[in-house]
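What follows is a single structure, written as C-alpha cells, with notes after it.
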Amino acid sequence: MKDLIFNYTMRLDFDEPVKNHRFTVKCVPSDSERQKIKKLDISIFPDEELSKGTDSFGNICIYGSSDMPHQCFEISVKGEAVTGLSDHETGEAEYKVGMYRYPTFYTVPGERIKAYFAGLELKEGMSAFEKAAYMSAQLHRDFKYESGATDINTTAEAAMELGKGVCQDYSHILTALCHLAGIPARYVVGMLIGEGASHAWGRCMTGGCGMPSTPPMT
C-alpha cells in the first residue's frame, strides 16, 4: 500500500468572454477496492451553480453552469489516496456489463485492427484474463511508442495504421481487440505514479473481476 498525494489543475482561457456556459467535470478520483481517498479538495471557477452525480460507468461527475460572462475556466482537484489495496475490483452486476461491450468513436475496429486480431494466436481454452494479457503483451511487442505521432483525435484504427502512438493509442487498440474477443472492456484515464501527467490504460472485465491492463511503455 502507498499513500499518494495528487494535485491536478486544468485551466482553459477563452478568446472572448463566454456566458450560458454548461460543463461536466470527470477528473475526480473515486473510492474503490483498489484505492481509498483520504483527503479531497475541489476548486472550480466559475462556481455559480454546481451539483454532483455519477455517470453510467460510476465516474464522479460535477455538473455546473454559469450565466455570468467569464474568460477562463479552471478546476483544481487535490488530496491524498491510499493505493495498492487490491490488484483487481469485483466485477459489475451482469446487467451492467453491456456498456463495456460496445465501442466508442475512438475504439471502432477497422480493417487493420480486424486483420491484426485475426493474426493473433488465441488458443481454445484460454480464459478471458489470459486472452487480455496475451493481447496486451503482443500489442506492446508490435506497436511502437512514439510521443507526438498521434493526438487526442486519433482513433484506434488510425493509430494501428500508423503502427505507433502513445498510451491512449495502446489503450484504444487494446479495448478494440478485447471487444473483438468478446471481452467487456473500456478506456480509462488516471494519474501515473511518479509522473506529473495523466496516463491511459484499458480496463477489462475478466472472470468476474475488472483487470487493470496497462501496456508497458518501454
Enter the accessible area per residue of the range 93-171 (Å², integer; probe 1.4 Å; all protein chains in place).
-> 61 Å²
State, as an integer percentage, the relative contact order of the chain based on alpha-carbon contacts under 8 Å between residues 6 or more apart.
-> 20 percent
What percentage of the solvent-accessible surface of the chain, computed with a 1.4 Å probe over protein heavy atoms, is contributed by carbon and sulfur atoms?
-> 51 percent
Just the accessible area per residue of the range 1-78, please: how many Å² with a 1.4 Å probe?
-> 69 Å²
How do the peptides 82-90, 8-16 rank, highest first, by the average count of neighbouring beta carbon atoms within 10 Å per residue?
-> 82-90, 8-16
Nearest 10 degrees, 0 to 90: what angle lies between the long axis of helix 128-142 and the longest principal axis of the chain (Cα atoms)?
-> 90 degrees
Stokes-Einstein D (µm²/s) once Rh is taken as the Kirkwood radius of the range 1-105 over alpha-carbon pairs, at 20 °C in 1.002 mPa s = 133 µm²/s
Mean projection area, nm², convex hull over Cα of the chain = 13.5 nm²
Over the range 111-197, what is the mean sequence separation of C-alpha contacts under 8 Å (at least six apart), divided by residue count, expressed as relative contact order in percent?
-> 29 percent
Would you mind checking the pairs 96/144; 26/144; 52/114; 39/96 and listing those with alpha carbons more than 31 angstrom apart?
-> 96/144; 52/114
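The values are calculated or read from the model by the stated rules, or taken from the named source; none is laboratory data. Just so it is clear, the structure is predicted and the values come from calculations on it, not from any experiment. With ideal geometry, Cβ positions are generated from the backbone for all residues, glycine too; neighbour counts draw on all protein chains shown. These accessible areas exclude ligands, DNA and RNA; they are computed on the full protein's heavy atoms, side chains included. Shrake-Rupley method; radii C 1.70, N 1.55, O 1.52, S 1.80 Å.
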